[in-house]
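Quick note: the coordinates plus some simple rules give every number you see, no bench work behind them. Since we're looking at a predicted model, the values are computed, not measured. Every residue, glycine among them, receives a Cβ derived from its backbone with ideal geometry; neighbour counts consider all protein chains shown.
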Amino acid sequence: MGILYSNADLMIRAKRNGASFDNILTIGHLKLFLTKKEIKQLIKTYNLNIEASSFDEYTYSNKFFEIFLEAKNVQSLDYSDYEKCDVVHDMNQNIGREYYEKYDVVVDGGTLEHVFNFPVAISNCMQMLKEGGNLFVFTMANNHMGHGFYQFSPELFFRTLNEDNGFEIVDILLEEHKYPGAELSHKTDIYKVEDPYKVKGRVGLVSKSPVMLLVQATRKKIKPLFDNYPVQSDYSSLYESHGNKITHESFSGVKDMIKKLFLMLPKNMQDIVEGHRQLYKYSFKNTSFYKKNNQK
């Protein structure tokens with residue numbers, strides 16, 4: 001569990017855009033996976049008056065939060081005090097009310113995928129934020145099977161951190177790594193993800209490389225959480241259209257010709273063509289789903 005360059009960059013940009021980092025809670029005592037070169041790059045990119053030599057490589061992230069983000073109080077929560085956390089709590093269980101609306105920022109740097117009772121764990125993270133506070137989640141997406149209990153999709157966070165629960169998504173990004181160990185992958189591609197609800201379909205991804213999910217959401221209003229459980233957007237669209245007259249797409253001109261040619265192919269060839277269409281659709285090349293969003 002730790003903070004990578006992409007995570008640091010996202011949080012520094014959030015601070016530049018007005019987010020308060022005065023009072024921070026990290027889920028797990030997060031390591032700082034930034035090389036000296038990356039620290040210097042952040043200082044240069046954001047024109048910061050910080051001495052890079054004051055940071056040790058691969059130490060805990062508290063100093064990063066205090067110096068780069070001007071945090072006044074940094075605490076960590078963990079299942080045990082093995083890594084000297086401040087709050088000992090099992091995230092499978094509901095957090096005590098004394099922690100409700102306590103923090104300006106909650107950062108999950110790689111814990112949620114290891115917690116079996118994810119709905120309770122994400123609810124805890126949300127409850128602990130003040131109104132106007134920000135939740136940052138850096139977790140596993142594709143090709144991390146076996147790393148934890150779960151690999152997550154953007155859809156889950158779009159449907160969870162939404163207006164119904166008093167939240168608003170600021171950014172959902174996917175970062176493609178060269179190696180399973182994200183801290184070993186210092187040059188990465190980052191893509192902004194479109195909301196499946198807006199696309200009106202599943203925003204899927206088939207990838208060869210490991211992919212990490214980066215989420216920032218703001219608690220805009222204090223509301224009861226999960227009065228209604230999230231529903232995947234393509235299913236909710238089907239439920240909403242139930243009983244309405246379904247209209248089928250009509251083809252004309254070139255599209256009609258392509259469809260006719262496709263139907264003339266043998267069934268095995270139709271499967272191959274459709275398979276390649278799906279591989280393109282569920283790839284980073286599909287700009288209706290993914291827009292390249294690399295750091296400076």
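Assorted remarks:
- Qualifying GluC sites (Glu not before Pro) in region 52-149, DSSP loop, other Cβ atoms within 10 Å at most 14: 57, 70, 83, 101
- Filtered trypsin sites (Lys or Arg not before Pro), region 78-128: DSSP coil and at most 14 other beta carbons within 10 Å: 84
- Distance between the pseudo-spin-label points of residue 223 and residue 179 (7 Å out from Cα toward the beta carbon): 4.3 nm.
- Separation of the residue 120 and residue 236 label points, Cα + 7 Å toward Cβ, nm: 2.6 nm
- Listing 190, 272, 50, 39 from fewest to most neighbouring C-beta atoms within 10 Å gives 272, 50, 190, 39.
- The distance between label points at residue 44 and residue 59 comes to 2.3 nm (points 7 Å beyond Cα on the Cα→Cβ vector).
- The dipole here belongs to region 2-235: it is taken about the Cα centre, uses +1 on the Cβ of Lys and Arg and -1 on the Cβ of Asp and Glu, and is about 560 debye.
- As an equivalent ellipsoid, region 155-220 spans semi-axes of 25, 15, 8 angstrom, where each value is the square root of five times an eigenvalue of the C-alpha gyration tensor, largest first.
- Those trypsin sites (Lys or Arg not before Pro) in region 146-231 that DSSP places in a loop and that have at most 10 other beta carbons within 10 Å: 187, 200, 208
- Cα centroid separation, region 126-146 to region 86-118: 10 Å.
- When 264, 1 are arranged by Cβ crowding within 10 Å, least crowded first, meaning fewest neighbours, the order is 264, 1.
- Neighbour-count ranking [beta-carbon atoms within 10 angstrom, fewest first] of 54, 236, 123: 54, 236, 123
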